[in-house]
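Worksheet: the structure to be examined is printed underneath.
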Amino acid sequence: MPTPDARMPPSIHRRRLLVAAALSPLAATLGAAAVDRPPAPRAGATADDVMRGIDLSGRNIVVTGCNSGIGFETMRVLAAQGAHVIGTARDAAKGREACGAVRGRATPVVLELSDLGSVVECARRVGELAPRIDALVCNAGIVLGRHEVAGGLERQFAVNHLGHFVLANRLIAQVLAAPQGRVVSLGSGNHRDAPPGGIQFDRLSGEGWHDRGYAHSKLANGLFSLELARRLRGTRATSNCVTPGHTRTNILRSTGSRYAETARTPAQGAAMPCYAAAHPAMAGVNGAYMSDFAPAPQSPAQTDATMAAHLWAVSERLAGDALAPWPAALRD
Ligand SMILES: NC(=O)c1ccc[n+]([C@@H]2O[C@H](COP(=O)([O-])OP(=O)(O)OC[C@H]3O[C@@H](n4cnc5c(N)ncnc54)[C@H](OP(=O)(O)O)[C@@H]3O)[C@@H](O)[C@H]2O)c1
């Protein structure tokens, strides 16, 4: 059992223990073989390093935002290992080009996350392509340098959270149909900079806090993942939130901000999403928030189960008719 970090808030410590507990049955079932089990990959490993030798043939994996940055690299590596990757892009030509550039099987589907009609149509198309989804990687995202609103909501919340909320709702039956379906949400250590009090339920248009809008949306991703994990308990499916680390991609293009000298390459940034989506070491791990292949510190807001449940209920109201009925077999 890990030694509690004296500076670690109790919520973080509890979460670490839960993840350790989820991992320990795996070690137990491996028995003597566990001694030979490879150690967790080192921080900074690339997705190719992490997935080398793992056969993903027969698996269907959905990756949103496949035409750029971490999403492209995630798709490239998972397809190279044998998965059929369904890669979404908001621009059909960009999606075709990205899928055409990888070795293996990759199928483009159009998805504009700020348009719930597009999300519903994307899910319908994915359903035709894959009656069973082994992993849904909710990767697409934006960082905005100014206040923008979409459908009455602060745009980063609408795109990064609500669009994925609806997509996951529409695809959850296929995730449950897989032998061990996984929903992976891309979070960020930046969630700690969300507005005081966490999700701004009373003013989701962003008035007064839009300068913290990206952090707010990443907190929403973490809370969504947490509540989904609760609802999936007792099933074969899992939900985890991962952060890729500071990675040089296209995400800062509209902000004027620069990447730190130490920023990772997309090949490194994609390692954690690939690991969570398809590595055998993550089988059965549910409800974790991870970076560098280990549980990561998070703010008290991101471990707040009450806030997570409330966000789920509010998101259901916001999504309205775009949602499919929630499977009766799952907790609500
Ligand atoms: N880079 C980092 O340091 C970092 C750190 C922590 C977490 N993350 C997370 O990692 C994920 C991937 O980011 P990235 O760094 O790879 O960024 P990126 O290179 O900008 O890629 C983002 C992807 O999301 C797509 N996208 C943007 N708006 C969309 C919309 N309205 N509907 C559908 N798709 C949309 C983009 O499509 P277009 O090309 O058409 O815009 C692109 O394919 C994000 O969730 C981000 O929050 C990144």
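Top to bottom by accessible area (1.4 Å), largest first, where do Lys218, Lys94 land? The partial results should precede the final answer.
Details: Lys218 10, Lys94 100 Å².
My answer, sorted largest first, is Lys94, Lys218.
Determine the order of Tyr289, Tyr214 by accessible area, beginning with the largest, at a probe radius of 1.4 Å.
Details: Tyr289 10, Tyr214 50 Å².
The residues order as Tyr214, Tyr289, largest area first.
Taking the dipole about the Cα centre of the chain, with the C-beta of Lys and Arg at +1 and of Asp and Glu at -1, give me whichever of Val242, Ile86, Ala47 is farthest to the positive side.
Ala47
Using a/c under 1.5 as the rounded threshold, could you call the chain rounded, prolate or oblate? The axes a ≥ b ≥ c are square roots of the C-alpha gyration tensor eigenvalues, and prolate needs a/b larger than b/c, oblate otherwise. If you can, show how the numbers build up before the last one.
On the way: a/c = 1.28, a/b = 1.11, b/c = 1.15.
Rounded is the answer for the chain, as its axis ratio a/c remains below 1.5.
Arg258 versus Arg317, label points 7 Å from Cα toward the beta carbon: distance in nm?
Using points 7 Å along Cα→Cβ, the separation is 4.5 nm.
Using 0.36 nm per residue of separation minus the Cα-Cα distance, give me the extension gain between Ala294 and Arg331 in nm, one decimal. Don't skip to the end; give the middle numbers.
Values: separation 37, 0.36 × 37 = 13.32 nm, distance 2.73 nm.
This chain segment gains 10.6 nm when fully extended.
With both partners inside the chain, how many of the DSSP beta bridges are antiparallel, as a percent to the nearest 5?
Values: 4 of 31 bridges.
So the antiparallel bridges in the chain amount to around 15 percent.
Looking at Cys122, Val143, Gln200, which one has the Cα that reaches farthest to the positive end of the dipole of the stretch 78-220 (charges on Cβ: Lys, Arg +1; Asp, Glu -1)?
Toward the positive end, the furthest listed residue is Cys122.
Which percentage, to the nearest 5, of the DSSP beta bridges contained in the stretch 36-195 is antiparallel? Mind showing how you got there, number by number?
Working: 2 of 20 bridges.
Looking only at bridges with both residues in the stretch 36-195, the antiparallel portion is about 10 percent.
Can you give the calculated 222 nm mean residue ellipticity of the chain, where each DSSP H run of n ≥ 4 adds -39,500 (n - 2.57) and the sum is split over every residue, rounded to the nearest 500 deg cm²/dmol? Before the final figure, lay out each step's value.
Details: 11 runs with 126 residues, N = 332.
Taking each H run of at least 4 residues, the total per residue is -11500 deg cm²/dmol.
I'd like the Karplus ³J(HN,Hα) series for the stretch 111-118: coefficients 6.51, -1.76, 1.60, θ = phi - 60°, whole numbers in Hz, and an x wherever there's a Gly or Pro.
8, 10, 6, 7, 10, 5, x, 5
What is the calculated FRET efficiency for Arg124 to Asp91, with r their C-beta to C-beta distance and R₀ = 22 Å, to the nearest 0.05?
Details: r = 19 Å, r/R0 = 0.87.
Given R0 = 22 Å and the Cβ-Cβ separation, E is 0.70.
Please find, in a Gaussian network model of the chain (springs between Cα atoms separated by less than 10 Å), the residue of Leu116, Leu252, Leu56 whose mean-square fluctuation is greatest.
In the Gaussian network model the winner is Leu252.
With r as the distance between the Cβ atoms of Arg103 and Ala309 and R0 = 51 Å, compute the FRET efficiency 1/(1 + (r/R0)^6) and round to 0.05. Walk me through the numbers on the way to the answer.
Values: r = 42 Å, r/R0 = 0.83.
Between Ala309 and Arg103 the formula returns 0.75.
Considering the options His310, Thr107, Ala281, tell which one lies farthest towards the positive end of the dipole of the chain, charges being +1 on Lys and Arg and -1 on Asp and Glu at the Cβ, about the Cα centre.
Ala281
Around Thr88, which amide H atoms from residues at least 5 apart in sequence, or from another chain, sit under 5 Å from its own amide H, with H modelled in the peptide plane?
The list, which skips near neighbours in sequence, is Val63, Thr64, Gly65, Cys66, Val109.
Please work out the FRET efficiency for the pair Ser57 and Asn250, using the Cβ-Cβ distance as r and a Förster radius of 35 Å; give the result to the nearest 0.05.
For Ser57 and Asn250, the calculated efficiency is 0.70.
What is the magnitude of the charge dipole of the chain about its Cα centre, with +1 placed on the Cβ of each Lys and Arg, -1 on the Cβ of each Asp and Glu, and no other charges, expressed in debye to the nearest 20? Working shown, then result.
Numbers: 35 positive and 26 negative charges, 97 e Å.
Taking the Cα centre of the chain as origin, the dipole is about 460 debye.
For the stretch 239-254, in order, what is each residue's ³J(HN,Hα) by Karplus, 6.51 cos²θ - 1.76 cosθ + 1.60 with θ = phi - 60°, in whole Hz (x at glycine and Pro)?
9, 9, 10, 10, 10, x, x, 4, 10, 7, 9, 9, 6, 8, 4, 9
Write down the accessible area per residue of the stretch 229-300 in Å², having rolled a 1.4 Å probe over the full set of protein chains. Spell out each step's value before the answer.
Details: 2950 Å² over 72 residues.
Per residue, the stretch 229-300 has an accessible area of 41 Å².
Residues with amide H under 5 Å of Val183's amide H, sequence separation 5 or more or different chain, H placed in the peptide plane at 1.01 Å from N; which?
Here Leu136, Thr238, Ser239, Asn240 satisfy the definition.
Local charge sum around Gly44 (other residues, Cβ-Cβ under 14 Å, Lys/Arg +1, Asp/Glu -1)? Could the numbers behind the result be given before it?
On the way: positive: Arg42, Arg248, Arg264; negative: Asp48, Asp49, Asp292.
For residues surrounding Gly44, the net value is 0.
Using a ≥ b ≥ c from the Cα gyration tensor of the stretch 154-300 (square roots of the eigenvalues), is it rounded, prolate or oblate, where a/c under 1.5 gives rounded and otherwise the larger of a/b and b/c decides, a/b for prolate? Please report the intermediate quantities before stating the final value.
Working: a/c = 1.92, a/b = 1.27, b/c = 1.51.
Oblate, because a/c is 1.5 or more while a/b does not exceed b/c.
To the nearest 20 debye, what charge dipole does the stretch 48-131 have about its Cα centre, counting +1 at the Cβ of each Lys and Arg and -1 at the Cβ of each Asp and Glu? Let's see the in-between values first.
Working: 10 positive and 10 negative charges, 40 e Å.
That gives a dipole near 200 debye.
Residue-wise, which Karplus ³J(HN,Hα) couplings in Hz belong to the stretch 196-211, taking 6.51 cos²θ - 1.76 cosθ + 1.60, θ = phi - 60°, and x for glycine or proline?
Result, ordered by residue: x, x, x, 4, 8, 4, 8, 8, 6, 6, x, 4, x, 9, 4, 5 Hz.
Tell me, what is the 1.4 Å probe accessible area of Phe72, in Å² to the nearest 10?
About 50 Å², rounded to the nearest 10.
The values are calculated or read from the model by the stated rules, or taken from the named source; none is laboratory data. Bear in mind that the values here come from a model prediction, so they are computed numbers and not experimental data. Don't worry about glycine lacking a Cβ; one is built from the backbone with ideal geometry, like all the others, and counts go over all protein chains shown. Keep in mind that these areas ignore ligands, DNA and RNA; they rest on the heavy atoms of the full protein, side chains included. Shrake-Rupley method; radii C 1.70, N 1.55, O 1.52, S 1.80 Å.
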